[in-house]
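Everything on this sheet refers to the single structure shown next.
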Amino acid sequence: MTLAERLHAWWRRSVWTWAPESERQAGEAIVQNLWLHWFPHKVAVRSASWSYSLWLGAATASLFLILLVTGVLLMFFYVPSVEHAYWTMKDIRFAVSFGWLLRNQHRWAAHLMVGASFFHMARVFFTGAYRGSRRLNWLIGVALLLATLLLSFTGYLLPWDQLAFWAVTVGTNIAREAPVVGASIRFLLLGGTEIGQATLLRFYVLHVFVLPTAVLVLFAYHMWRVRKDGGISGPL
Ligand code: HEM
C-alpha cells in the first residue's frame, strides 16, 4: 500500500466507514437518521456548487449562528439600564477576559450578516430564482432582511453612548415622518416621547428575544420552502 493509499484509507475510516450499495439505501440512511433527516436526501451537485449560489445563504445563516452564540455570552455581562449599560459595555471591552474579542466578533458578524443577506438577495435576483413557485420564498426573504436590519438598529442603542443615542434619535425621527401612523410608531418604539430607560428596555427585548425568534422562525420556514420548491434552483 502506498502512503497516499494509506492516508486515504485512514481518512475514510475516520470520517465515513460505510459505502451504500444503492441510491435507495443512501436515501434511507438520511431519512432514518435523527440529525440527517432535516436535510434533503438528494441534492443536485450543480445547484449546490459554490459557483452558482456563492453559498451566500449558508454564509448568512452561519453569521446568524455566530451572533446567537456571542450574543448569549454578552448577555452574561451587559445590563440594560441607563446607569449601567455604558459601563458594562466598557467592562466587556477592558475588564472581562477576551471580552473585546467577544464584542468585536458580535459587531463584525452583525455587519457581515447585513452584507451577506443583501448579496444573497442579489444572487437570487440575478439568477432569476425568485420566479414561479419561489415567489413566496422571496417574500419570506424580504421579511428576513427587514428583521436583520431591525436587529442592527436595535443593537445600535445598547452601548448607550453618544453615537447610539443620536443615531436612534435620528432613526426614530425618520419613523415619525411616516404618514398617519408615524407618530404612534415613534411613541411605541421609544416607550414615551423621548429616549430614556423605557426605550433602552424595549430595544433590548426586541434585540435579544423578539427579533432573533422572528429570524429563527422565518429561517425555518425559508428552508422548508427551499425543500418544497424542489431544492435550490439550478443554473439554466
Ligand atoms: C437572514 C437572511 C437569510 C438567510 C439566513 C437565508 C438563507 C438561505 C439559504 C441557506 C438558502 C439556500 C440557497 C443558498 O444558500 O443560496 C436560501 C435560498 C433562497 N433565499 Fe434566502 N436567506 C436570507 C435572506 C433572503 C433574502 C433577503 C431573500 C430575497 C429577498 C431571499 C430569498 C431566497 C430565495 C428565493 C431562495 C431560493 C433560491 C434558489 O432556489 O436558488 N433570502 N436562503
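Please treat every number below as a calculation from the coordinates, not as lab data. Everything numeric here is computed off the predicted structure, so don't read it as measured data. Ideal geometry is used to build each Cβ from the backbone, glycine not excepted, and the neighbour counts take in all protein chains shown.
Data table
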| item | result |
| --- | --- |
| log10 of Debye I(q)/I(0), alpha-carbon scatterers only, for the chain at 0.09, 0.11, 0.13, 0.17 Å⁻¹ | -0.55, -0.75, -0.94, -1.25 |
| Lys/Arg +1, Asp/Glu -1 at C-beta; the stretch 115-229 dipole; positive extreme among V180, H120, Y130 | Y130 |
| Net charge of Cβ neighbours under 14 Å - reference G192; Lys, Arg +1; Asp, Glu -1 | +2 |
| 222 nm mean residue ellipticity, helices alone, for the chain (DSSP H n ≥ 4; -39,500 (n - 2.57); rounded to 500) | -22000 deg cm²/dmol |
| Nearest-20 debye value, the chain charge dipole, Cβ charges on Lys, Arg, Asp, Glu | 580 debye |
| Whether the stretch 40-83 is rounded, prolate or oblate, judged on the alpha carbon gyration tensor where a/c under 1.5 counts as rounded | prolate |
| Crossing angle, helix 162-176 versus the chain [Cα axis fit, 0-90 degrees, rounded to tens] | 90 degrees |
| Where labels lie 7 Å past Cα in the beta-carbon direction, separation of A95 and V180 in nm | 5.0 nm |
| Unit charges on C-beta of K, R, D, E only; dipole of the stretch 107-213, Debye | 480 debye |
| Computed over the chain: relative contact order in percent, which uses C-alpha pairs under 8 Å that are six or more apart | 22 percent |
| The stretch 1-113 - Rg over Rh from alpha carbon coordinates, Kirkwood radius | 1.19 |
| The stretch 75-170 - Kirkwood radius from inverse mean 1/r over Cα pairs (Å) | 15.5 Å |
| Relative counts (whole %) of C-alpha pair distances in the stretch 117-197, using bins that are 5 Å wide | 3, 13, 18, 17, 13, 12, 12, 8, 4, 1 |
| For the stretch 1-41, projected area of the alpha-carbon convex hull averaged over all directions, nm² | 3.7 nm² |
| Peptides 149-161, 110-122 ordered by average Cβ neighbours within 10 Å, highest first | 149-161, 110-122 |
| The stretch 174-230, relative contact order in percent, only Cα pairs under 8 angstrom and at least six apart counted | 15 percent |
| Compactness index (Cα Rg / 2.2 N^0.38 Å), the stretch 143-236 | 1.37 |
